[in-house]
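None of the figures in this text is laboratory data; all of them are computed from the coordinates on show. Remember, predicted model here, so these are calculated numbers, not experimental data. Virtual Cβ from ideal backbone geometry, glycine too; neighbours counted across all protein chains shown.
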Amino acid sequence: MAMATSSRSFLFFLVSVLFFLTFSLQLGVAEPSLRPSDCKPRCEYRCSATSHKKPCMFYCQKCCATCLCVPPGTSGNKEVCPCYNDWKTKEGRPKCP
């Protein structure tokens, strides 16, 4: 019985560590440390799921050039890039896709 509990504890610990590392790496991808040359491929992925690719790419690349950050994924996750997240249009809507 003690062996089974020990194995489960170790497995839980291992899964927790892997989850933490995966989450940390995902956050690290979007940190404001991009070079301007990294913007186009990141924006191509960011805009890959939208039907409005041309405006998405225009604004994403503009935001990336200023913020040097593109959030991970095709939408959401903007809190990872505060500059990207906080940049608004004159009307107060988000500027960056």
Rounded to the nearest 0.05, what FRET efficiency is calculated for Arg8 and Arg35 with R0 set to 41 Å and r the Cβ-Cβ distance? 0.35
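Any chance you could run the full-extension gain for Glu44 through Lys95? It's 0.36 nm times the residue separation minus the Cα-Cα distance, nm to one decimal. Can you show the working numbers first?
Values: separation 51, 0.36 × 51 = 18.36 nm, distance 1.69 nm.
Result for the pair: 16.7 nm of gain on full extension.
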Which whole-number value in Å³ per residue fits the convex hull of the alpha carbons of region 29-90? 78 Å³
